[in-house]
2 protein chains.
Amino acid sequence: MDILASNLFSALSHETRLRCVMLLMQHDELCVCELTHAIGAAQPHVSRHLAQLRKLGLLVDRREGLWIHYRINPALPQWVADLLQNTLSGVQVLPPFKDDADVLGQMPNRPGAPRCA
Amino acid sequence: MDILASNLFSALSHETRLRCVMLLMQHDELCVCELTHAIGAAQPHVSRHLAQLRKLGLLVDRREGLWIHYRINPALPQWVADLLQNTLSGVQVLPPFKDDADVLGQMPNRPGAPRCA
DNA sequence: CCGATATATTCGATTGACGGTATATGGCGT
DNA sequence: ACGCCATATACCGTCAATCGAATATATCGG
């Protein structure tokens, strides 16, 4: 598992993608509907950007029934993992990242529970 | 001094800009001709990208006679400085970053000395 | 098999980033 | 004032990223 630095930064340069990654840094695993709800964007929008992050190797996905759960690739190079942690500590107190975490925390019907979104 | 995370990543997503920033992380201060030589690109190309980094607030410049010296903005938020250091430790051993540092080290006529480029 | 749900992908249009070349600015020496 | 040098910017054509909307895929329950 390796990753080109400029590709890493391109991936994180889009706010939707960065918001997804920051949420996943705080939750291990989230499904698309949770990310969509937290960010407040259209489903194809989020899905498209998740696909980019997955193709780059930054995220991995796991299907469970209808839901697809994403998480940060656990095999990331150490410096990349450090960089993400670093970024999280820098941005988690400010918008829109803080709000995303709050919205997710208050989301009803999280999957595993009966109904999603 | 503050900086938007997605703008930071956009700035670093271009290889020319990342190479400049990584060189400046290792040298405190470099003039445009040194960066141009190390990277092996055309002068307007490097200058244009340095301007972007400056406008974003990532770099500051200082004129000394004909030369303009760039350095990392010392007033960067801590998490940004940490992130850059983090990135440096991740990429400094691999191309093209390692080679840039080597080429710069072997550059003749560095400014301050009689002639540049 | 059919409908419903969660997610992914395609399509077509637009916008913004980038590159090369040419030119402008600004400072130095004479 | 003139020429030279280091650097910056303007112009313009091209290509890649992005978007909204529509559609496709996959899984489950009945």
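Within the straight-line cut-off of under 19 Å between alpha carbons, the aspartates and glutamates reachable from B:Lys55 are B:Asp2, B:Glu15, B:Asp28, B:Glu29, sequence neighbours fewer than 8 places apart in one chain being disregarded. Ascending distances from the A:Leu66 label point to its copies in the other chains, with the point 7 Å along the Cα-to-beta-carbon line: 7.1 nm. For A:Lys98, A:Lys55, the ranking by accessible surface with the largest value first comes to A:Lys55, A:Lys98, using a 1.4 Å probe.
Rolling a 1.4 Å probe over the protein chains gives A:Phe97 an accessible area of about 20 Å². Here the accessible area of the stretch B:5-101 is 51 percent carbon and sulfur, with a 1.4 angstrom probe and all protein chains present.
Helix A:78-91 versus the longest principal axis of chain A: what angle, 0 to 90°, nearest 10, using Cα atoms? With both axes taken from Cα atoms, the answer is about 60 degrees.
Over the C-alpha atoms of the stretch A:5-105, the Rg to Rh ratio, Rh being the Kirkwood estimate, stands at 0.93. Sequence-distant contacts, meaning Cα pairs under 8 Å at least 6 residues apart, place the relative contact order of chain B at 33 percent. Accessible area per residue, 1.4 Å probe, Å², for the stretch B:1-94: what's the number? Here the residues of the stretch B:1-94 average 45 Å² of exposed surface. Label the stretch A:53-117 by shape, choosing from rounded, prolate and oblate, from the square roots a ≥ b ≥ c of the eigenvalues of the Cα gyration tensor; if a/c is under 1.5 it is rounded, and otherwise prolate applies when a/b is larger than b/c, oblate when it is not. It is oblate, given that a/c is not under 1.5 and a/b is not larger than b/c. Built from the Cα atoms of the protein assembly as shown, the convex hull projects on average onto 13.4 nm², one quarter of its surface area.
Helix B:43-56 and the long axis of chain B differ in direction by around 30°, with both axes built from C-alpha atoms. Once the partner protein chains are put back, the stretch A:46-84 shows a loss of at least 20 square angstrom of accessible area, versus the chain by itself, at A:Trp79, A:Leu83 (probe 1.4 Å, ligands and nucleic acids excluded).
Remark on A:Asn73: its backbone amide H falls under 5 Å from those of A:Leu59, A:Val60, a criterion applied only to residues 5 or more positions apart or on other chains, H modelled at 1.01 Å from N. Across the copies of the chain, A:Pro108 has label points (7 Å from Cα along Cα→Cβ) spaced 7.7 nm apart, shortest distance listed first.
The phi torsions of the stretch A:4-21, fed into the Karplus equation with coefficients 6.51, -1.76 and 1.60 and a -60° offset, translate into couplings of 7, 4, 5, 5, 4, 5, 4, 4, 7, 7, 9, 4, 4, 5, 5, 4, 4, 4 Hz, rounded to whole numbers, with Gly and Pro shown as x. A:Gln92 label point (Cα plus 7 Å toward Cβ) to equivalent points in the other copies: 2.8 nm, shortest first.
The values are calculated or read from the model by the stated rules, or taken from the named source; none is laboratory data. This one's a predicted model, so the numbers in the text were calculated from it and none came from an experiment. In this analysis, Cβ positions are derived from the backbone assuming ideal geometry, glycine residues included, and neighbour counts consider all displayed protein chains. For accessibility, only protein heavy atoms count, side chains too; no ligands or nucleic acids. Shrake-Rupley method; radii C 1.70, N 1.55, O 1.52, S 1.80 Å.
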